[in-house]
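The next block holds one structure in the form of structure tokens; read it before the comments.
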Amino acid sequence: MTLRRLETTRRSFLAGGAGLAAGALAGFPMPALAKNRPVRVGIALPRTGPLALFAEHLPFVMDQVERATKYTVNVGGSDRLVELVIKDTQSSPNRASQVALELILDEGVDVILASGTPETTNPVSDQCELNGMPCLTTEAPLEPYFLGRKGDPAVGFEWTNHFYFSGTQAGGAILEIFGQVETNGVVGALWPNDSDGNTFAQIYPPVLAERGMTLSDPGRFDMPLASYSAAVAKFKADGVEIVHGIIPPPEFTTFYNEAIQQNFIPKVLYAGKTSAFPSALETFGSRAHRLVTEVPWGPQFPYTSPITGQTAAEVVEEYHAASGRQWNSQLGFKLAMFEVLFAGLARIEDLDDPQSVQKAISSISDDTVVGRVDFSKGPFPNTAVTPIAGGQWLEGTDFPLRLAITENTFAPDVAIEAKTLPMLSA
Amino acid sequence: MPDAFLPELLQPLVQALVQGTLLGGYYAIMAVGLSLMVGVVRFINLAHGDMAVLGALLVITLTQGLGLPIFAAILIMLPVMALAGYGMHALLFERAMRGGFLLPILVTIGLGAALQNSMFGLWGSNTRSLGADIGALSWASWTLPGGVLVGQLPVLVCLCAVLVIGSLHLVLRHTRLGRAIKATSTDAEAAELCGVDARRARRAASAIAVGLAALAGVFLAMRGQITPYSGPAQLIFAFEAVVIGGLGSVWGTLVGGIVLGISQSLGGLVSNQASLLTGHLVFLAVLLLRLFREWTAAHGGWRASVRAWTTLHRGRFARRKGEKA
């Protein structure tokens with residue numbers, strides 16, 4: 001399904017591009033396009049493999065951008081066509097590194113975009129840094145992006161730019177949500193033996209203690225775990241009322257089903273990597289109501305796309321109509337990636353000088369559909385932090401679930417819609 | 001909660017044993033097909049887990065896409081997958097097996113990769129589950145005396161495992177086809193001399209194995225969620241259950257699955273991390289024990305073997321000393 005959609009879109013896009021070029025050759029009033037070489041943009045995305053959900057919105061967003069811009073941008077005083085070269089990282093860091101190199105050496109691109117977890121952004125960025133290629137990435141929290149690449153906050157990277165929310169702020173938003181519900185403050189941890197799980201196991205215990213919360217931690221575990229009955233038993237014995245998990249949907253389903261079987265319903269249930277994706281929660285029916293999540297972007301965000309002129313809510317509405325599927329935050333960031341790209345391209349003085357391209361991208365301070373992206377202010381050099389809110393899933397009308405914003409400490413522009421409610425017991 | 005029936009200290013232990021046994025039932029269904037393949041066809045199908053996922057995805061399409069009741073969907077899917085198993089053996093494995101011992105294994109690795117990516121192409125990468133189609137069954141539970149809670153679905157899966165393995169046992173013992181399969185697994189050449197069509201027996205075993213893998217996949221999709229890439233992880237557990245239970249033994253696989261399930265849940269009492277580790281350690285221990293027994297059997301019992309080993313090494317040690325001097 002996804003593949004077929006992507007194919008048609010790419011083909012129709014190429015056909016559109018060819019049509020434009022033909023128009024220019026035939027002497028229609030577009031002489032600038034014929035004279036100036038196009039801007040070549042490489043895109044590295046996980047289009048197949050376990051991370052493929054990060055490429056799901058690309059066809060829709062590409063259609064949007066095409067409609068609004070016809071892939072034409074004014075660079076250094078003349079209109080130029082933007083050519084996209086899309087490569088599949090196959091969800092593998094090694095492959096991501098390889099396709100980045102192909103884009104640089106074989107495709108002769110001017111700038112590279114990459115998106116979708118540190119497994120994609122980090123190898124592509126590293127390759128660009130080595131080869132002096134301007135690079136723009138998103139959809140990996142700032143810390144695993146920057147520190148995962150062994151970046152020095154005092155120095156930073158020369159060629160790579162990144163925008164997304166900060167993991168620290170997301171963790172903080174979740175803690176604020178925990179505080180909104182009346183509980184005994186006992187937090188059960190489901191932190192697996194991977195980089196995210198181990199990071200939380202290091203950082204979270206002192207933060208919880210500071211807030212007067214106690215921790216019930218059954219220890220790190222390797223996934224897939226066939227049964228969470230031991231963790232559930234420990235949570236019951238320790239009187240856990242809040243569960244904080246960093247586990248993907250298949251693991252969460254196993255855990256949650258076993259928890260309900262054992263009559264264990266915490267008052268607050270959070271599962272990073274799962275609870276932000278409504279498609280992963282629908283299988284639970286009404287049991288998914290009142291799960292809490294961080295919200296990197298959503299229809300409630302009061303921002304407008306500089307490319308399409310639509311508000312976040314309008315983008316979501318059109319996506320629902322076009323795809324029949326429910327939005328998730330990746331939609332906003334895919335669009336924002338193009339918005340930042342176009343804002344950067346418009347500032348380029350000399351397209352043939354990579355230094356000038358990098359300078360143009362790193363100097364942007366523009367409003368996008370996910371908030372303001374300003375690479376000069378980020379916690380690390382050449383990074384921009386975007387707002388992160390918190391929310392809770394409630395019963396929906398168009399789709400089984402609807403998100404209510406309940407927390408906005410790190411996203412003050414986003415209005416709070418409700419107070420976090422405790423989960424319904426059995 | 002204190003309970004008159006069970007002392008409080010024992011309760012987690014009993015709970016772990018019960019949950020482990022139920023989990024073992026699921027492992028056994030996943031493993032029994034693999035065991036049959038190892039025993040009869042004599043090679044390991046590394047795409048076994050991917051077949052399971054394929055079966056689950058077919059059922060998901062039949063129920064969620066076409067609106068069939070789940071039971072009907074399973075009844076349609078099983079013969080389709082069995083037929084696929086038969087065809088795969090006839091078209092792929094038989095040719096590969098002519099190329100020696102390693103080739104069929106390599107073929108199944110390739111088949112697994114091809115299956116995973118074809119499933120991704122057809123169904124996309126979203127996680128899918130049958131949880132919504134079985135309603136409350138995925139989380140409903142019964143309370144046993146002593147306050148032990150058992151999930152209804154795990155109990156059903158475990159009963160199903162006993163049923164499946166029991167009927168497989170009966171089929172192997174009391175039908176013509178079953179006897180042909182058993183004869184082929186004991187000695188293919190001798191069986192052929194007695195008029196058994198070993199090729200047909202192998203194809204039938206392959207059909208049963210793939211059908212059972214698909215059934216296990218359906219249970220996996222009921223317990224949790226699957227993606228086109230969920231298969232390989234399941235293969236490891238199935239493989240461990242087969243080895244613990246004894247290669248090629250049908251009832252042994254049920255025992256193996258339950259031993260694996262109990263080891264994992266007892267390990268989980270210590271810590272989450274110990275859960276999978278304990279399972280792997282039990283698997284390694286059984287494997288070493290089997291190798292040791294085979295070795296001792298070849299040397300006239302374990303007493304004789306130990307004696308032989310010590311004398312051998314004493315001699316070697318003395319020689320080395322002599323060299324130094």
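Within a 10 angstrom radius of the beta carbon, how do A:Cys135, B:Cys160, B:Cys194 rank from fewest other beta carbons to most?
Numbers: A:Cys135 28, B:Cys160 17, B:Cys194 10.
Fewest-to-most ranking of A:Cys135, B:Cys160, B:Cys194: B:Cys194, B:Cys160, A:Cys135.
Residue separation of A:Asp79 and A:Ser425 scaled by 0.36 nm, minus their Cα-Cα distance, works out to 118.5 nm of gained length.
Cross-link reach is defined here as a Cα-Cα straight distance under 14 Å, omitting same-chain residues fewer than 8 places apart; for A:Lys419 the aspartates and glutamates meeting it are A:Glu176, A:Glu182, A:Glu407.
Remark on A:Gly148: its backbone amide H falls under 5 Å from none of the residues 5 or more positions apart or on other chains, H modelled at 1.01 Å from N.
Model label points for B:Leu122 and B:Leu144, set 7 angstrom from Cα along the Cα-to-Cβ axis, are 3.9 nm apart. Averaging Cα coordinates gives a centre for segment B:30-44 and one for segment A:359-426; these two points are 51 Å apart. Here's how it looks for A:Ala384: its modeled amide H is under 5 Å from those of A:His162, A:Phe163, A:Tyr164, which are all 5 or more places away or on a different chain. Entry note, chain B: the mean residue ellipticity at 222 nm calculated from DSSP H runs of n ≥ 4, each adding -39500 (n - 2.57), is -24500 deg cm²/dmol after division by the residues and rounding to the nearest 500. For helix A:58-69, report the angle its Cα long axis makes with the longest principal axis of the Cα atoms of chain A; keep it between 0 and 90° and round to the nearest 10°. The answer is roughly 40 degrees. Neighbour counting of Cβ atoms within 10 Å sorts the residues A:Lys267, A:Lys377, fewest neighbours leading, into A:Lys377, A:Lys267.
Would you please give the FRET efficiency between A:Val207 and A:Glu282, computed as 1/(1 + (r/R0)^6) with r the Cβ-Cβ distance and R0 = 41 Å, to the nearest 0.05? The value I calculate is 0.80.
Take the Cα of A:Glu176, step 7 Å toward its Cβ, do the same at A:Asp63, and the gap between the two points is 3.6 nm. Segment B:133-150 and segment A:288-302 have Cα centres lying 31 Å from one another. Across segment B:132-142, rounded Karplus estimates of 3J(HN,Hα) from the backbone phi angles (6.51 cos²θ - 1.76 cosθ + 1.60, θ = phi - 60°) give 5, 7, 9, x, 6, 4, 5, 10, 5, 9, 10 Hz, Gly and Pro being marked x.
So how much slack lies between B:Leu137 and B:Asp197, counting 0.36 nm per residue of separation and subtracting their Cα-Cα distance, in nm?
17.2 nm
3J(HN,Hα) couplings calculated from phi for segment A:261-270 with the Karplus curve 6.51 cos²θ - 1.76 cosθ + 1.60 (θ = phi - 60°) are, in sequence order, 4, 8, 6, 10, 10, x, 6, 10, 10, 10 Hz; Gly and Pro show x. Per residue of B:275-282, other chain Cβ atoms within 10 Å of the residue Cβ number 3 on average.
Here the Karplus curve 6.51 cos²θ - 1.76 cosθ + 1.60, taken at θ = phi - 60°, turns the phi angles of segment A:209-224 into couplings of 4, 4, 8, x, 9, 10, 10, 10, 10, x, x, 5, 8, 8, 9, x Hz, with x standing for Gly and Pro. When chain B is treated as a Gaussian network with alpha carbon springs shorter than 10 Å, the biggest mean-square fluctuation among B:Asp50, B:Asp187, B:Asp197 belongs to B:Asp187. Positive contributions from Lys and Arg (+1) and negative ones from Asp and Glu (-1), summed over other residues with Cβ under 12 Å from the Cβ of A:Lys359, come out at -3. Helical content alone sets the calculated 222 nm signal of chain A at -12500 deg cm²/dmol, taking -39,500 (n - 2.57) per DSSP H segment of four or more residues and averaging over every residue.
With a simple spin-label model that places each label point 7 Å from the Cα along the Cα-to-Cβ direction, the separation between B:Leu83 and A:Asp238 comes to 5.3 nm. Close amide H pairs (under 5 Å, H built 1.01 Å from N) link A:Leu113 with A:Gly42, A:Ile43, A:Ala44, A:Leu136, residues at least 5 positions away or on another chain.
In the structure shown, the pairs A:Lys150/A:Lys334; A:Lys273/A:Lys334; A:Lys273/A:Lys359; A:Lys87/A:Lys377 are assessed against 29 Å; a Cα-Cα span above that value is assigned to A:Lys273/A:Lys359; A:Lys87/A:Lys377. Using R0 = 25 Å, the C-beta based FRET efficiency linking A:Asp367 and A:Glu318 works out to 0.80. Counting only the backbone N, which residues of segment A:235-259 are under 14 Å from the spot 7 Å out from the Cα of A:Asp194 toward its beta-carbon? Flagged as within label range: A:245-253.
Net charge within 11 Å of B:Asn272 by Cβ-Cβ distance, Lys/Arg positive one each and Asp/Glu negative one each, not counting B:Asn272 itself? Before the final figure, lay out each step's value.
Numbers: positive: A:Arg220, A:Lys234; negative: A:Asp217, A:Asp222.
Overall, the nearby charge balance is 0.
A simple count of charges around A:Thr69, restricted to other residues whose Cβ falls under 14 Å of its Cβ and scoring Lys, Arg +1 and Asp, Glu -1, yields -2.
Among A:Lys273, A:Lys87, sorting on how many other beta-carbon atoms sit within 10 Å of each Cβ, with the fewest leading, yields A:Lys273, A:Lys87. Considering only DSSP beta bridges where both residues belong to the protein assembly as shown, give the percentage that are antiparallel (nearest 5). Here the antiparallel bridges make up roughly 40 percent for the protein assembly as shown. For the options A:Met62, A:Met133, A:Met223, a Gaussian network treatment of chain A with springs between C-alpha atoms closer than 10 Å singles out A:Met223 as fluctuating the most. Be a star and scan segment B:194-216 for residues whose amide nitrogen sits under 19 Å from the point 7 Å along the Cα-to-Cβ vector of B:Thr61. Those under the cut-off are B:210-216. Note on B:His299 and B:Leu247: the extension gain reaches 16.5 nm, defined as 0.36 nm multiplied by sequence separation minus the Cα-Cα distance. Shielding of peptide B:117-127 by partners, expressed as the average count of other chain Cβ atoms within 10 Å per residue Cβ, is 6. Build a GNM of chain A with springs between Cα atoms under 10 Å apart, and of A:Ala154, A:Ala52, A:Ala100 the one that fluctuates most is A:Ala154.
No value in this document is a laboratory result; all are computed from the given coordinates. Source: prediction; values computed, not measured. Neighbour counts run over all protein chains shown; Cβ positions are idealised from the backbone, glycine included.
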